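Worksheet: one structure, shown below.
The values are calculated or read from the model by the stated rules, or taken from the named source; none is laboratory data. In this text the structure is predicted, and so the values were computed from the model without any measurement. So basically every Cβ, Gly included, is an ideal-geometry build from the backbone, and we count neighbours across all protein chains shown. Surface accessibility is based on the protein's heavy atoms, side chains included, excluding ligands, DNA and RNA. Shrake-Rupley method; radii C 1.70, N 1.55, O 1.52, S 1.80 Å.
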Amino acid sequence: MSADRVLKMVISEATKSDQALLFKNPLLGVALDESKERLRDGDYLVRKIEGIDPRSGGIELLDDVRVGQRVRFHVRDAKTAVAEFETILDRAKRNELQTSLEGLVMKPIVGTLAIADVTRGVKFFKERNVDTETFIRYAPTSLLGCFAQAEIAPLGGQPSPTYTHESVSAFTVIRRRSDKTVPAVESEEDAETGET
């Protein structure tokens, strides 16, 4: 079955709100790790559907997709975008807590660089600064940012590899530089005396 017929079938079976989103901004997620038996939202690199070839029924993307590669149609709305971002930020907070529990102290954040896709502004969220205010709730810091056409960042907050993304915001946390990791404080007494 051609890709355009599958898309038409997905649209016909979608809810009214998802149909509106598919007509407005259809997206295709390309699975990055096909060895996974069960894929989650963060396992896809999402691409905007640029067009459909009427002769072949193929979908046009600004990316290569191999025959047989796992893909999934996606919709993006403001509420889901914030929820996905909060999930990534929660994971980062848990990782920082785990590092602390292992006896290491994370270096303090001195600032953040934010690069937001032009599609994630007021037109998408219906209000200003949604991504930056969401980020600052999790990591109060000074922030410098700009809008761009595409962002280069890891997928789902993982450290590597990096990909070119569309319709996302990428945040780079800048931490104080240090030659060594400072051990965590062992007890309240140590905290008062400054000894570790």
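So, with +1 on the Cβ of K and R and -1 on the Cβ of D and E, and no other charges, what is the size of the charge dipole of the chain about its Cα centre, to the nearest 20 debye?
Value, rounded to 20: 940 debye.
Based on the mean of other Cβ atoms within 10 Å per residue, sort peptides 50-60, 164-174, 135-145, 114-124 so the most packed one is first.
Sorting 50-60, 164-174, 135-145, 114-124 by mean packing, highest first, produces 164-174, 114-124, 135-145, 50-60.
How many Å² of accessible area per residue for the range 28-160, probe 1.4 Å? Spell out each step's value before the answer.
Numbers: 8680 Å² over 133 residues.
Accessible area per residue: 65 Å².
Considering Cα pairs under 8 angstrom that are at least six residues apart, work out the relative contact order of the range 1-97 and quote it in whole percent.
31
Using a 1.4 angstrom probe on heavy atoms only, work out the carbon and sulfur share of the accessible area of the range 15-167 in %.
Its accessible area is 55 percent carbon and sulfur atoms.
Based on Cβ point charges of +1 for Lys and Arg and -1 for Asp and Glu, what charge dipole magnitude is obtained for the range 73-117 about its Cα centre, in debye rounded to the nearest 20?
Numbers: 6 positive and 7 negative charges, 15 e Å.
Result for the range 73-117 is approximately 60 debye, rounded to the nearest 20.
Let a ≥ b ≥ c be the square roots of the eigenvalues of the Cα gyration tensor of the range 106-175; is it rounded (a/c under 1.5), or, if not, prolate (a/b larger than b/c) or oblate?
Oblate is the answer for the range 106-175, as a/c is 1.5 or above yet b/c matches or exceeds a/b.
What is the distance, in nm, between label points placed 7 Å from the Cα along the Cα-to-Cβ direction at Asp41 and at Arg175?
2.7
Here are a few candidate values for Rg/Rh (Cα atoms, Kirkwood Rh): (i) 1.12; (ii) 1.07; (iii) 1.04. Which one was actually calculated from the structure I just gave you?
Label (ii) holds the value from this structure.
Can you tell me which lysines have their Cα less than 18 Å from the Cα of Lys93? Leave out same-chain residues fewer than eight positions away.
Once the sequence-local lysines are set aside, what remains near Lys93 is Lys107.
When Rg is the radius of gyration of the Cα atoms in the range 24-107 and Rh is its Kirkwood radius, what does Rg/Rh come to?
Ratio of gyration radius to Kirkwood radius for the range 24-107: 1.13.
First measure r as the distance between the Cβ atoms of Ser100 and Thr134, then evaluate 1/(1 + (r/R0)^6) with R0 = 25 Å and state the FRET efficiency to the nearest 0.05. Spell out each step's value before the answer.
Numbers: r = 23 Å, r/R0 = 0.91.
Working from the Cβ atoms, E equals 0.65.
Placing +1 on the Cβ of each Lys and Arg and -1 on the Cβ of each Asp and Glu in the range 1-77, which of Leu28, Val71, Met9 has its Cα farthest towards the positive end of the resulting dipole?
Met9
Once you keep just the Cα pairs under 8 angstrom separated by 6 or more residues, what percentage relative contact order results for the chain?
20
Across the range 1-58, how many lysine pairs, 8 or more apart or on two chains, come within less than 22 Å at their alpha-carbon atoms? Don't skip to the end; give the middle numbers.
Working: Lys8/Lys16; Lys8/Lys24; Lys8/Lys48; Lys16/Lys24; Lys16/Lys48; Lys24/Lys48.
Summing the qualifying lysine pairs gives 6.
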